[in-house]
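Before any comments, here is the structure.
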Amino acid sequence: MESFSLILAIVVVTALAFDFTNGFHDTANAMATTISTGALKPKVAVAMSATLNLVGAFLSVEVANTISKGLVDESGIRPEVIFAALVGAILWNLVTWLVGLPSSSSHALMGGLIGATIASAGTGAVHGDVLVTKVLLPAVAAPIVAGVAAMLATRFSYALSRNSDGKAADKGFRVGQIASAGLVSLAHGTNDAQKTMGIITLALIAGGSIAPDSDPPTWVILSAGLAIAMGTYIGGWRIIRTMGKGLTDLRPQQGFAAQTSAAAVILASSHIGFSLSTTHAVSGSVMGAGLGRKGGVVRWSTATRMFVAWGLTLPAAALVGALAESVTDLGDWGTALVAVFLIASSTAIWIVSRRQVVDASNVNEFEEPAGVVTAAIAAVTPPPSVALSEGLTATIPSPPVNPAPVVKSDPATPPAAAV
């Protein structure tokens, strides 16, 4: 086995901690729609997802190689740089989990690595062409491609079930959802677990434990797969609620279409080595499925908050990674200070999260707050109508501000002359 220094051991443990947060942060990608439509019970869903995440970790190492060999210059990287990068990624994952936003763990890791690398070795140590072609372009393309595919698949699913019994069709699509959810979980393991494999492999290369251009050792693959599976089993219930209920209301046909489309996009990206955000792909497919059903809607207030988080992920994680690297550069005490800060911040976020617990028992309870547009429409909505016996409707008039007193008169008495 590779020789280890203390700092290298700290980096490996921190990388596995990030992998754990990646697991519970991204559980929603595979199982949110399955849980929201009732195809699987919440606990069963996360257990199934965790198992398939572990299996998927062994299917490919292409994404791991993109991170360990392609994104940054291996020769200019120290283990402390990797540690600083992981600090930025973990803190961003925890903050977005706390507020229930499905942001990209992949981009958090990329951002932390880029920021720490620039702080340590300058901009020349980052391979800009790899960043653009294998990180940024997939980030833009993934939700669009998955969304369009899910919208078309939803319409096709409804067309197939148009003349069938409603309950039978729903049951059939729920079974299909279980299969497609398993495929997404498998795809998630092949893509996201590999990112931690890549970061650990990069740290081993930087620490001189393995030769440059090496593939991830078997123990790295196994430990990364186990860490993400454990995180997945814990269940990121806050993000599951947002993905399953906050973006749109899904029916079994839509859930099946969304998951199948997302899985196809993720597996294709893993095969060619794109460090794709599974969050982007699944979120795009959920929105596409929402638009694909006649009368379906997307809650754009939630989607807008999610888009803002996506845009902030890379720069925010890069900034924290760069600051952490600046402190670790001061020596061992600087590294210890950053480690204490990471532990204290993570503990504080967890304590805050206990004020309003979201778990398997209430994950499907969601109430979207009224936005500006909704409030404006409500303000000008006409008064309600009541039905009459002949099928007509009558509008209930609003009471006058200062109603004049009504004076009853004898019908036999002629009206008084006007003055």
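The values are calculated or read from the model by the stated rules, or taken from the named source; none is laboratory data. Everything quoted here is computed from the prediction, not taken from an experiment. Glycine also receives a Cβ, built like all others from the backbone with ideal geometry; neighbour counts cover every protein chain displayed. When the accessible area is computed, the model is the full protein with side chains, heavy atoms only, and any ligands, DNA or RNA have been set aside. Shrake-Rupley method; radii C 1.70, N 1.55, O 1.52, S 1.80 Å.
Mind checking which residues of the stretch 117-144 are out of contact with any strand residue (DSSP E or B) (no Cβ under 9 Å at 6 or more places or on another chain) and among the small types (Gly, Ala, Ser)?
Result: ALA119, SER120, GLY122, GLY124, GLY128, ALA139, ALA141, ALA142.
Between residues in the stretch 125-136 that are free of Cβ contacts under 8 Å to residues at least 60 places away in the same chain and closer than 13 Å to ASP73 by Cβ and residues that are open to solvent by 60 Å² or more (accessible area, probe 1.4 Å) and part of a helix (DSSP H, G or I), which pairs lie under 7 Å by C-beta distance while being six or more apart or on different chains?
So the pair list comes out as VAL126/ILE118.
In the stretch 236-344, which helices (runs of 4 or more DSSP H) lie fully inside it and hold 1 or more residues that are over 30 Å from LEU59 (Cβ atoms) and open to solvent by less than 20 Å² (accessible area, probe 1.4 Å)?
It comes to 278-292, 300-328.
Residues being closer than 26 Å to LEU6 by Cβ and either β-branched (Val, Ile, Thr) or touching a His at 6+ places or on another chain (Cβ under 8 Å) (or both): count how many of those fall in the stretch 305-355.
Selection size over the stretch 305-355: 9.
Would you point out the residue of the stretch 95-117, among those that are of a type in the set (Ser, Thr, Tyr) and at pLDDT 85 or above, that is farthest from MET243 (Cα to Cα)?
THR117
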